[in-house]
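These notes are about the structure you will find just below.
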Amino acid sequence: MKLVFAGTPEVAVPALDALIASGRHEVAAVVTRPDAPAGRGRRLVASPVAERAEEAGIEVLKPARPRDEDFLARLREIGPDCCPVVAYGALLPRTALDVPARGWVNLHFSLLPAWRGAAPVQHAIMAGDEVTGASTFLIEEGLDSGPVYGVLTEEVRPTDTSGDLLTRLAFAGAGLLVATMDGIEDSTLHAAPQPADGVTLAPKITVEDAQVQWSAPALRVDRVVRGCTPAPGAWTLFRGERLKLIQAVPVLDRADLAPGELSAAKNNVYVGTGSHAVELLWVQPQGKKPMRAADWARGVRIVHGELLGS
């Protein structure tokens, strides 16, 4: 089939690479979000998908909005049979959905109908799911509600951050997306409606959502830290400034600290929660680089009884 691939962040690149390498389908063009300011200089930078497409000599389309008539006209000129999508980042209007004869097919990083929305992997970890996965489905105008072509499952490991899990799903999902394109082309694969039961939503995680509540149980604190790593980054307050929490693990045999109370030894830093303590392993003070929590604690000279989050 002739394909137009839509995607933006790094997590979409493995799928683009897999489609290019498959040899069975032609990736005629790529649709991605416009260049965005990045870094301290805030200079405009192309998306990872745009950079990869340009390296491969593929036409790149960067509409400000996918309903723009210039973009729609070019899409009609290309005449794709199908448009595979991975984390494109913009809603597709009916005028765009109607262009490819076999529709737009999204690779979504959950087992639909669970975790429909922008942040399925983060929510799966924060909810304590033991198994998640990826699904390919035909895009409709509803939120991730279209019929499903295929799924794969992936275990959520006890130490997984959202970055770890998303990386594994991106590479495994790339194979699922290629297989879906193959099955659509030879008519051996047919989409099945999603069940009405089991729908959960996964809206974007905000900075406010990523603030650790020390009154919560230690397992909840652990899940928030892992689910928000690397983005947007779990955090708390220390002496009125934000302290980013990069890695923290529950300590089941210590329950002597009040919620948020700090206890620092030579090589360990503990914080009380609503249940037992967690040990901070890596943190990032405001305006500084990530560092081991023990090094941070020695530098700030924690006072006995001092609290995080106050």
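Does residue 206 meet the test of being under 20 Å from residue 115 (Cα atoms) and in contact (Cβ under 8 Å) with a residue 24 or more places away in the chain? Taking the combined requirement at face value, the residue satisfies it. Quick one: how many residues across the stretch 264-310 are of a type in the set (Phe, Trp, Tyr) and in a strand (DSSP E or B)? The total comes to 2.
Just so you know, in the stretch 103-142 the residues that are in contact with a Phe, Trp or Tyr (Cβ under 9 Å, 6 or more places away or on another chain) and small (Gly, Ala, Ser) include one that is nearest to residue 195 (Cα to Cα), and it is 135. Please specify each residue of the stretch 198-249 satisfying the condition of being open to solvent by less than 30 Å² (accessible area, probe 1.4 Å), within 16 Å of residue 288 (Cα to Cα) and either in a loop (DSSP other than H, G, I, E, B) or at pLDDT below 95 (or both). Selection gives 233 alone. State which residue pairs qualify: first residue within 24 Å of residue 230 (Cβ to Cβ) and inside the stretch 270-290, second residue of a type in the set (Phe, Trp, Tyr) and outside any loop (DSSP other than H, G, I, E, B) in any location, beta carbons under 6 Å apart, and separation of 6 or more residues or different chains. These pairs meet every condition: 279/270; 283/296; 290/282. Restricting attention to the stretch 75-118 and to residues that are without any contact (Cβ under 8 Å) to a residue 40 or more places away in the chain and more than 27 Å from the chain's Cα centre (by Cα), the residue that is surrounded by the fewest Cβ atoms within 10 Å (Cβ to Cβ) turns out to be 77. Residues that are closer than 22 Å to residue 121 by Cα, open to solvent by 20 Å² or more (accessible area, probe 1.4 Å) and at pLDDT 95 or above occur at least once in the stretch 250-268.
Does residue 162 fit the bill of being among the polar types (S, T, N, Q), open to solvent by less than 30 Å² (accessible area, probe 1.4 Å), within 18 Å of residue 87 (Cβ to Cβ) and modelled with pLDDT of 95 or more? Can you show your working first?
Numbers: among the polar types (S, T, N, Q): yes; open to solvent by less than 30 Å² (accessible area, probe 1.4 Å): yes; within 18 Å of residue 87 (Cβ to Cβ): yes; modelled with pLDDT of 95 or more: yes.
Yes; evaluated as a whole, the condition is true for this residue.
Every residue, every condition in (1) touching a strand residue (DSSP E or B) at 6+ places or on another chain (Cβ under 8 Å); (2) assigned to a helix (DSSP H, G or I), yes or no:
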site: 77; (1), (2): no, yes
site: 80; (1), (2): yes, no
site: 84; (1), (2): yes, no
site: 90; (1), (2): no, no
site: 102; (1), (2): yes, no
site: 111; (1), (2): yes, no
site: 124; (1), (2): yes, yes
site: 129; (1), (2): no, no
site: 132; (1), (2): yes, no
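The condition (being surrounded by 15 or more Cβ atoms within 10 Å (Cβ to Cβ), farther than 25 Å from residue 288 by Cα and free of Cβ contacts under 8 Å to residues at least 24 places away in the same chain) is satisfied by just one residue among 157, 168: 168.
The values are calculated or read from the model by the stated rules, or taken from the named source; none is laboratory data. These numbers come from a predicted model, not from an experiment. In this analysis, Cβ positions are derived from the backbone assuming ideal geometry, glycine residues included, and neighbour counts consider all displayed protein chains. Note: accessible area is taken over every heavy atom of the protein model, side chains too, but ligands, DNA and RNA are not part of it. Shrake-Rupley method; radii C 1.70, N 1.55, O 1.52, S 1.80 Å.
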